[in-house]
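Colleague: Structure in C-alpha cells, see below.
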Amino acid sequence: MATAVLRELVKLQYDDEPGEQKHGVWRTRLAETKVDYNWREFVGCSLILILEEFGDRLPSDLVREIRTALLRAAQGAKQRNVGAGYTNIALMSAFLMDYVGHQEQRDDLQALGRKKAEENFELYYKHKTFDEYNSPTYYGTDLMALGMWRKHARWDRMRAMGAQMETDLWRDLSKFYHPDMKNMCGPFIRAYGMDMTEYVAITGIWIGMALGDEKLAPLPTGPGRKSAERSYSPVIAVLKPVVASEVLSRLAQFRGGPRVLQRVSSHGTVTARIDKDLMMGAVQLKRRWEQHFPATIHWKIGSGLGWIMLHGTTEHVAPTVVGEELRIRRTQQSKDPILLYVAAGEIDANRVSSETWNLPGLTLRVVFGKGVALQSVEKVNHPWFGQCLEVKIRAPATSTLILRPKVLDDRDAQ
C-alpha cells in the first residue's frame, strides 16, 4: 500500500521544464486550481525522510523515481531561492538543496543549500529568534526542519547548527508556554487559532510527544479544527523530540508567577506577562495580516479557557503589556475600528456593553481614552475561532485603549 501511494505521489509533481515557475512543485490535489510553491519543500523533505528511514524497503525503480523527483524539487527551490526570513520554508529549502546536491553530485545545489543554512543560522542568532516568531503552527514545522538538519543533513556543520537552534528554540518556546492552560502566550506572528485545545497546532504535537503523556498534550480531545495537521505525527515520531530535562519540566508543570517577559524579535519588542490563571502578550506589527495576532489575553475558566485577541488586520496600532494591563495605542488616523475577538464559553454580546466587561471567569475593566468608544459587539461563528464575539472600537489617532483583566475565583467563574 505505501509503495502504491508513493508511486501516485511522484506522479503529482509538475513536469514543467527547468526554469519554469512550477518546476519541481507537487500538486496539492488532483485537478488543483491554485498552485502552492511551498509543496516542493514539504513533499521533498518528507520523501528524503522516507528514503533515509525506509529506503531499503522500497523497490529500486521507485527509489530512482523519487530521486529524480527530488532533483526537480531542489532545482525549483534553487530557482525560487526564498529568503531566510521565510523561516519554515527557508529551513526546509536549505536541507533539500544540501541533501540532493550531495546525492546527485550537484555542487551548485549543495553550495546554495549550505549558504542558505548559514543565513538561517545567522538570522536566528541576531535576536536568538526566528522571523516567524512565536507561532503555534510554524514552530512545529521549524522543529521538523531542524530535526532533519540534525539527523540527515549531509554537512557536519549543518547538523551541528540544526541541533543548536533546535535546543534554543525549545528553551524559548517553554518560556512562553503555560502547561496548565495548554497554550502558548501571545503575541503570535503567525497563528490559525487562539486555543490549542480547540485546533491542531503542530507545536502541540511536538510538545505532546516530548512529554510522552497524552493527557498533557496541548491538543483537542476530538478532531478539532485544522485536524489535517495531525498528519505530521508520523514525521515527528521518526525525528523524535530532543528536549533538555529542564525544558521538559517547564512544559509539564507551571512553575509559578508572575513571569514578566520582554523579548526582542525582528518585528520589534515583545512584552508579555504570564501568571497562574492569566497570561497576555503584545507586539507592534507593521503589516496587516489575518495570521498576525499582535495582542492576546488568555485566562482560565475552571477547566476551560477564555481569550481576547487584537486582530492582525487592525491598522496603525501599537499594543504593549505594561504591568497588569494591556494598552493599545492608535498611532495614526484610520477609518477602520480596532478589531477584537472574545471567546469564553457561552458568552453573549450583553457582557460587552459597557466599560466593565463581565466575562465568564474574568472581569475586564476597559479604559477608553479621549475619543475612544465602543462601536459594535456581534456574536459570530468565525471559521478559525468558532463561536465568539466580534468587538469593534472606534479610536482616533494617538488615543489609547486600556484593558485591565482580573480573573475571578472558581466559584465566581461558574
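Derivation of every value follows stated rules applied to the coordinates shown; laboratory data play no part. Everything numeric in this text was worked out from a predicted model, so none of it was measured. Quick reminder, even Gly has a Cβ in these numbers, built from the backbone with ideal geometry, and neighbours come from all protein chains shown.
Colleague: Show the residue pairs that are 6+ apart or on different chains and have beta-carbon atoms under 6 Å apart, the first residue being within the range 184-199 and at positive phi, the second being in a loop (DSSP other than H, G, I, E, B) and among the charged types (D, E, K, R).
Modeller: Qualifying pairs under 6 Å: none.
Colleague: Looking only at residues in the range 207-227 that are without any contact (Cβ under 8 Å) to a residue 12 or more places away in the chain and not in a loop (DSSP other than H, G, I, E, B), which one is surrounded by the most Cβ atoms within 10 Å (Cβ to Cβ)?
Modeller: Gly208
Colleague: Grab the strands (runs of 3 or more DSSP E) fully contained in the range 281-380, keeping just those with 2 or more residues being β-branched (Val, Ile, Thr).
Modeller: Details: elements: 295-301, 304-310, 317-322, 325-330, 338-343, 356-359, 362-368.
Once the strands (runs of 3 or more DSSP E) in the range 281-380 are filtered for at least 2 residues that are β-branched (Val, Ile, Thr), what remains is 295-301, 317-322, 338-343, 362-368.
Colleague: Taking the residues in the range 297-352 that are hydroxyl-bearing (Ser, Thr, Tyr) and surrounded by fewer than 18 Cβ atoms within 10 Å (Cβ to Cβ) as candidates, determine which candidate is nearest to Thr269 (Cα to Cα). Even if it seems obvious, please write down each step before you answer.
Modeller: Keep residues of the range 297-352 that are hydroxyl-bearing (Ser, Thr, Tyr), which gives 303, 313-314, 320, 331, 334, 341.
The next check asks that each one be surrounded by fewer than 18 Cβ atoms within 10 Å (Cβ to Cβ); those that pass are 303, 313, 331, 334.
Values: Ser303: 32, Thr313: 19, Thr331: 16, Ser334: 23 Å.
Step by step, filter the range 297-352, then rank; the result is Thr331.
Colleague: Only one of (1) in contact (Cβ under 8 Å) with a residue 60 or more places away in the chain; (2) closer than 22 Å to Thr87 by Cβ; (3) of a type in the set (A, V, I, L, M, F, W, C) is not met by Phe254, so which one is it?
Modeller: Only one criterion in (1) in contact (Cβ under 8 Å) with a residue 60 or more places away in the chain; (2) closer than 22 Å to Thr87 by Cβ; (3) of a type in the set (A, V, I, L, M, F, W, C) is unmet by Phe254, namely (2).
Colleague: In the range 120-134, is there at least one residue being among the charged types (D, E, K, R), without any contact (Cβ under 8 Å) to a residue 40 or more places away in the chain and within 30 Å of Gln284 (Cβ to Cβ)? Let's see the steps before the verdict.
Modeller: Within the range 120-134, the subset among the charged types (D, E, K, R) is 122, 126, 128, 131-132.
Now drop any that are not without any contact (Cβ under 8 Å) to a residue 40 or more places away in the chain, which leaves 122.
Still in the list and also within 30 Å of Gln284 (Cβ to Cβ): 122.
Yes, the conditions are met somewhere in the range 120-134.
Colleague: What do you reckon, is Arg171 touching a residue at least 60 places away in the same chain (Cβ under 8 Å), in a helix (DSSP H, G or I) and surrounded by fewer than 24 Cβ atoms within 10 Å (Cβ to Cβ)?
Modeller: Details: touching a residue at least 60 places away in the same chain (Cβ under 8 Å): yes; in a helix (DSSP H, G or I): yes; surrounded by fewer than 24 Cβ atoms within 10 Å (Cβ to Cβ): yes.
Answer is yes for this residue.
Colleague: Would you check which residues across the range 190-206 are over 18 Å from Ile274 (Cα atoms) and either assigned to a loop (DSSP other than H, G, I, E, B) or in contact with a helix residue (DSSP H, G or I) (Cβ under 6 Å, 6 or more places away or on another chain) (or both) and list them?
Modeller: Taking the range 190-206 and keeping what is over 18 Å from Ile274 (Cα atoms), we get 190-193, 197-206.
Arg190, Ala191, Tyr192, Gly193, Thr197, Glu198, Val200, Ala201, Ile202, Thr203, Ile205, Trp206, listed by residue number.
Colleague: Any residue in the range 327-345 that is over 29 Å from the mean Cα position of the chain (by Cα), free of Cβ contacts under 8 Å to residues at least 24 places away in the same chain and under 18 Å from Met279 (Cβ atoms)?
Modeller: no
Colleague: Anything in the range 66-82 that is in contact with an Asp or Glu (Cβ under 8 Å, 6 or more places away or on another chain) and more than 23 Å from Asp56 (Cα to Cα)? List them, or say none.
Modeller: Ala77, Lys78
Colleague: Being touching an Asp or Glu at 6+ places or on another chain (Cβ under 7 Å) and among the basic types (Lys, Arg) is the requirement here; does Arg259 meet it? Reasoning before the result, please.
Modeller: Values: touching an Asp or Glu at 6+ places or on another chain (Cβ under 7 Å): no; among the basic types (Lys, Arg): yes.
Spelling it out, it is not the case that Arg259 is touching an Asp or Glu at 6+ places or on another chain (Cβ under 7 Å) and among the basic types (Lys, Arg).
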